[in-house]
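Working notes, structure below.
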Amino acid sequence: MDALTERARPRWGRLLKRILLIGVGAAAAGVALMLIVSADARYIARAGVEEARLLLGRRAIDKLLADSATPAPLRQRLALVLAARAYAADSLGLAVGKTYTTYVNVGRDTLLLVLSASRRDKLHEVTWQYPIVGVVPYKGFFKAARARREADRLEAQGLDVFLRPSGAFSTLGYLSDPLFSTAMSRDTMELVATVIHELAHNTLYVKSQTPFNESFASFVGYRGAEAFFRSRHDTLDAKRAAARWRDERTLDVFYAELARRLDSAYAEPLGGERLERVRTTLFGWARDQFRGPVGQSLETYDWRWFAQAPLNNAVIIAERLYRMNLNLFDEIYLQNNADIAETIRAIQIRVFTQPGDPYQALYSRPGMKVE
């Protein structure tokens, strides 16, 4: 018989390393291919790089407060943010995590530009889909040149576009969002409302339901700011927060009526000069309202800004994202004895236990009066 030949033992370490290298190489190749063929993937990658650069500049707010080199006005604003954050956690029950425990000076007056777009003959928004947040009707750009190129590209396709600046954004608590210097130019009431607004996103966010998410956060932001300032016996800012919330509800009703009129006009096939005449008439009516009854009823906004600002379908859609069915939230607020923390919990419970359209979940609550 032939002598038995002993088989060499497998070198598992080397084999595992090869498998890992192959896996990493395949993943890298997949990412590279995606970046080549997918504009959305390139957009997400660029946004991630830009945000990473900003996050590298984070400084702990408590250390800035302890640093004598920190300018007194900045120190006062930072202390106010921490106080609002603590109130949001302790009195409103919001999920704060590590959000707004750090600060970043972005070195410019605009953090990012937000792009919205719509068909010209319908209130039909352009949407984009991203991980976690789902389908959203806007797109943010840290670079102004890229934002304008994308706006020009969409406009060349015959779409209405709207570019607006934003001084804050939320990653829903996933990245422990810092406070950006672009939010610090706001007055004390708006600064606190912004902090609470963004923390509301950490607490309740329904995927692909942007109007609900933003309108809920607007409600929590202004009603929460009012409660915060009252707890500090700051009646001036408390009254200003309450007045701003009344203005938001006024604008909600106005934009809803404008959207109704546009939808009615767009129900017929329109094109060319006829479409332009219809748009000119309805947007002219809107400006007359801002110069007249709607504008004169605003307590905290300058009506002249609205009367002079550009108007198109994309603008209307963007304005309504933050102001949709606001009276619904106030109805639940009154049902809960004007207790903002109880209202937030009631809304959370209803939305979590009634999957689907969050507005429908709230409208179907027993005892609701708002239609």
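The values are calculated or read from the model by the stated rules, or taken from the named source; none is laboratory data. The structure presented is a predicted model; accordingly, all values stated were derived computationally and were not measured. A quick note on method: Cβ atoms are made from the backbone with ideal geometry, for glycine too, and the neighbour counts reach across all protein chains shown.
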Practice problem: Please find, among 218, 208, the residue that is polar (S, T, N, Q), in contact (Cβ under 8 Å) with a residue 24 or more places away in the chain and in a loop (DSSP other than H, G, I, E, B). | Solution: 208
Quiz prompt | Residues satisfying the stated conditions in segment 116-170, i.e. at pLDDT 95 or above and on the phi > 0 side of the Ramachandran plot | solution = 158
Quiz item: Which one is surrounded by the most Cβ atoms within 10 Å (Cβ to Cβ) among residues in segment 61-119 that are farther than 24 Å from residue 205 by Cα, of a type in the set (Val, Ile, Thr) and touching a residue at least 40 places away in the same chain (Cβ under 8 Å)?
Solution: 61
Quiz item: Of the residues that sit in segment 270-297 and are touching a residue at least 24 places away in the same chain (Cβ under 8 Å) and not in a helix (DSSP H, G or I), which one is farthest from residue 158 (Cα to Cα)?
Solution: 270
Quiz item: What residue, of 307, 256, is of a type in the set (A, V, I, L, M) and under 21 Å from the mean Cα position of the chain (by Cα)?
Solution: 256
Quiz item: Of all residues in segment 233-245, which are loosely packed, with under 15 Cβ neighbours inside 10 Å, touching a Phe, Trp or Tyr at 6+ places or on another chain (Cβ under 9 Å) and not hydrophobic (A, V, I, L, M, F, W, C)?
Solution: 235
Quiz item: Of everything in segment 192-232 that's over 29 Å from residue 127 (Cα atoms) and of a type in the set (A, V, I, L, M), which residue is surrounded by the fewest Cβ atoms within 10 Å (Cβ to Cβ)?
Solution: 227
Quiz item: Quick one: would you say residue 359 is touching a residue at least 12 places away in the same chain (Cβ under 8 Å), under 22 Å from residue 211 (Cα atoms), outside any loop (DSSP other than H, G, I, E, B) and hydroxyl-bearing (Ser, Thr, Tyr)?
Solution: yes
Quiz prompt | Which numbered condition residue 152 fails, given (1) touching a residue at least 12 places away in the same chain (Cβ under 8 Å); (2) more than 20 Å from residue 244 (Cα to Cα) | solution = (1)
Practice problem: Could you check residue 324 against (1) in contact (Cβ under 8 Å) with a residue 60 or more places away in the chain; (2) among the hydrophobic types (A, V, I, L, M, F, W, C); (3) farther than 23 Å from residue 219 by Cα and say which number it fails? | Solution: (3)
Exercise. Could you look through segment 298-343, keep only residues that are assigned to a loop (DSSP other than H, G, I, E, B) and small (Gly, Ala, Ser), and pick out the one that is modelled with the lowest pLDDT?
Key: 309
Self-check item: Conditions (1) closer than 18 Å to residue 260 by Cβ; (2) surrounded by fewer than 16 Cβ atoms within 10 Å (Cβ to Cβ); (3) not hydroxyl-bearing (Ser, Thr, Tyr); number of the one not met by residue 337
Solution: (1)
Quiz item: Taking residue 121, is it of a type in the set (Asp, Glu), over 19 Å from the mean Cα position of the chain (by Cα) and under 26 Å from residue 316 (Cβ atoms)?
Solution: yes
Exercise. For residues that are part of a loop (DSSP other than H, G, I, E, B) and more than 30 Å from residue 278 (Cα to Cα), scanning just segment 124-135, find the one that is farthest from the chain's Cα centre (by Cα).
Key: 131
